Each structure stands twice: as C-alpha cells, then as structure tokens.
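The values are calculated or read from the model by the stated rules, or taken from the named source; none is laboratory data. Source: prediction; values computed, not measured. For neighbour counting, all protein chains shown are included, and Cβ atoms are generated from backbone atoms with ideal geometry for every residue, glycine included. Remember, those area values only see protein heavy atoms, side chains included, never the ligands or the DNA or RNA. Shrake-Rupley method; radii C 1.70, N 1.55, O 1.52, S 1.80 Å.
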Amino acid sequence: MLRNNAAQARISTRAILIGAIIFNVIAVGASEVQRRGLTYRIEELILKQDKARSDETMRIEKGIADQGRRVADMQSAIGALRVLIKDGRFASTSDIETAIAQRLTDGSSITIRFDNSALETRDGTGAILCGPEAASGYLGAFVAGEEYTISYDKSSQQWTGSGPAQSMARDKATGKCTNLKNVYGPKDLHKTVTPADALILWGAALKLNGLDISFEDKKVGRVVWVN
C-alpha cells in the first residue's frame, strides 16, 4: 500500500510539474530568445526527471512524458499549447489536425519547417544550390531545412505561402535562396481546397499527420508555429 501511495505521490508531483510548466509557458513573453530558452529548459527538465525515475514509475508516467516532449520539441512552446492541449488534456493526432485547420480557417497563419536532407544539390561551398538550375531539386522549389508561412483566406478560398524559393538567386543579405510569396486559389488549383483537405503551399498539397507534414506520402517536415 505504501509503495502504491508513493507511486501516486510521484505521479501527482509530475502532473503538478507539467501543469506549472504549461502555466509558465502561457505567461512567457513572445520573444524568440525567451521561447527557445523555455523549450530547452523544458526538455532538460524532462530528461533529468527520466534519469531519476524508477522503472515502475517510468512505465506509469510514460504517456505524460511522451506528451511533454511534444511540447519541448516545438520551435515555440507557446504556439504548441494552442494545438497540443484540448479540454485540459494532451490532444490526439486528429485533434491537432482539426485545431490547425480551424485556426487557418479563422484567419491565422502557421509556419512549417522542411526537414534537412542530404539529397539537396549543393554548390562548391556546401550551401544548398539556388537558382533556375536548382528548381527541380529534392523538394522542387522548396528548400530543405527552411521555414515557410502558410495562411488561408476563407472568403476567397485562396492560399498564401511565403519562404525561400530554390529557383531564385541567392540573397546576398541572408545567404539563402531569395524569399518568394505566392497566392493560389480555386482557379489556379482547378478546385477548392480547404484547410480540412490539405495545406497548400505554392500549389503543392501537403498533408498533416498531427504536427508532421507529408508530401506525396513521404514525411518532409513539421508544423513549428501556429499563430
């Protein structure tokens, strides 16, 4: 009985800890330095807790720890809360997809980051190649490892996407492929596509699997921020 009570106490402490972290996340300002620092601190805290936890408690709390890492793994913990928490609990994959689609429909934007890949063509310095000759690369016009912002206008059913385009020359100021902003609507797509159907970035239909992004049935990135 004492052993069970001790395990329950540790679980309760863990739940309180997670709740405190979530509360602190909401209270933190929106500066990039603060968000990144908070994310790293959460991850470090979870790792320390894992090492000190007994096997029995670890099994009991595994679900909580896994969900906690989903918060720590986000580029911005504040943005994560808006889609990772539902009705006081951690959201399911379908809940996350629905939340992201709803925020897009309501006029918010999201930021995705494509995964880094060794398949990208690079120049003599090792940087990913930019320019017309690179337009048909690993991700076509998109650049591996880079971030893109996507928004949706419900009234016009148009999608706006912005980010570095591999078909453009290298920007001397940033050292990356020049940013491009494109708008696609039903006329361009030859059909109406809503956030519940897919994410449209420069005419390409990206699918959500929780926070993960897939293109042509291959995982290529993930959602890192939701406004």
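General remarks:
- Residue within region 177-192 that is out of contact with any Leu (no Cβ under 9 Å at 6 or more places or on another chain), closer than 15 Å to Ile100 by Cβ and free of Cβ contacts under 8 Å to residues at least 60 places away in the same chain present: no
- None of Arg113, Arg103 is under 22 Å from Gln158 (Cα atoms), buried (at least 17 other Cβ atoms within 10 Å of the Cβ), modelled with pLDDT of 70 or more and touching a helix residue (DSSP H, G or I) at 6+ places or on another chain (Cβ under 9 Å) except Arg103.
- For region 209-225, taking the residues that are open to solvent by 40 Å² or more (accessible area, probe 1.4 Å) and at pLDDT 90 or above, the one that is nearest to Val193 (Cα to Cα) is identified as Phe215.
- Strands (runs of 3 or more DSSP E) completely within region 125-206 that count 3 or more residues being of a type outside the set (A, V, I, L, M) and either open to solvent by less than 50 Å² (accessible area, probe 1.4 Å) or in contact with a strand residue (DSSP E or B) (Cβ under 8 Å, 6 or more places away or on another chain) (or both): 147-153, 158-164, 179-184
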